[in-house]
Amino acid sequence: MLLMQIKILPLALTGLAESLDKRLPQYQCGRCGQPDCAHYAQALAARQETPDRCVPGGRALAEQLAAVSGMPLSPGAAFDEGALQCAIVVEEACIGCVRCLRVCPLDALIGAPKRLHAVLPTLCTGCGLCLPACPVDCIVLEPADREWTSDDATAARNRYHARLKRLAEAEPVMLRRIEQTPASSEAEPREKTVPAETRQQVIAEALATARLRRTQYQARRQTRHSNGEG
């Protein structure tokens, strides 16, 4: 899984592209159609994108980018003016699969295999990339009760680039481990395998239990909200 993520390298932006990138919120969510904010800034500077592609930035940012880039907004462009959100892991349903950790561009999720995961609220942008990665739907998005500032954006950019560097440095190590792993011998005794039907049943039951717990969590949240408990 780690090697599959080594697809994006930091861009050394200059001039107009750098100026545009500094205005972006640095969610690194990819909703613009580019791999990350820097690639979007580069494409916009090259007049290959329009200034209204940054969904979380809303209309205000789109107008700024249009003024700086000299590119017009797309006709009928739609904007997401919603408040900042934050991911929350439903503790009762988390199975510790670490898939959400692998896709979070800002390392805003922490945890270990087969251990409860958690979200660092001050780092989470609510980009939602972790939601489809979770096999048991144990992650929900809720209002963050704060605004995303320019300082947050700067910190997010630095954190994202540090993550890309860490993954790139880890790639050769992972390749060496794969090369050094001895191939299994046919003569070696094989471990006892569980029938596919049994595995599928166990997995299905685990998923059903996790989703039930998530539903119960959401029901409790709705009840507290209805009772004015926040």
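The values are calculated or read from the model by the stated rules, or taken from the named source; none is laboratory data. Computed from a prediction, not measured in an experiment: that's the story for all the values here. Cβ atoms come from the backbone with ideal geometry, glycine included; neighbour counts cover every protein chain shown. Note: accessible area is taken over every heavy atom of the protein model, side chains too, but ligands, DNA and RNA are not part of it. Shrake-Rupley method; radii C 1.70, N 1.55, O 1.52, S 1.80 Å.
Residue 36 meets all of the listed conditions (1) more than 18 Å from residue 154 (Cβ to Cβ); (2) surrounded by 21 or more Cβ atoms within 10 Å (Cβ to Cβ) but one, namely (1). Criterion applied to 105, 113, 121 was being over 30 Å from residue 52 (Cβ atoms) and in a loop (DSSP other than H, G, I, E, B), and the one residue passing it is 113.
Taken as a whole, region 57-80 holds no residue that is closer than 28 Å to residue 117 by Cα and crowded, with 16+ Cβ neighbours inside 10 Å. Among the charged types (D, E, K, R) and in contact with a Phe, Trp or Tyr (Cβ under 8 Å, 6 or more places away or on another chain): is that true of residue 53 in this structure? Against the criterion (among the charged types (D, E, K, R) and in contact with a Phe, Trp or Tyr (Cβ under 8 Å, 6 or more places away or on another chain)), residue 53 qualifies. Kindly establish whether residue 152 is at pLDDT 95 or above and within 18 Å of residue 80 (Cβ to Cβ). In short, yes. For residue 23, the conditions (1) in contact (Cβ under 8 Å) with a residue 40 or more places away in the chain; (2) within 24 Å of the chain's Cα centre (by Cα); (3) open to solvent by less than 30 Å² (accessible area, probe 1.4 Å) are fulfilled apart from (3).
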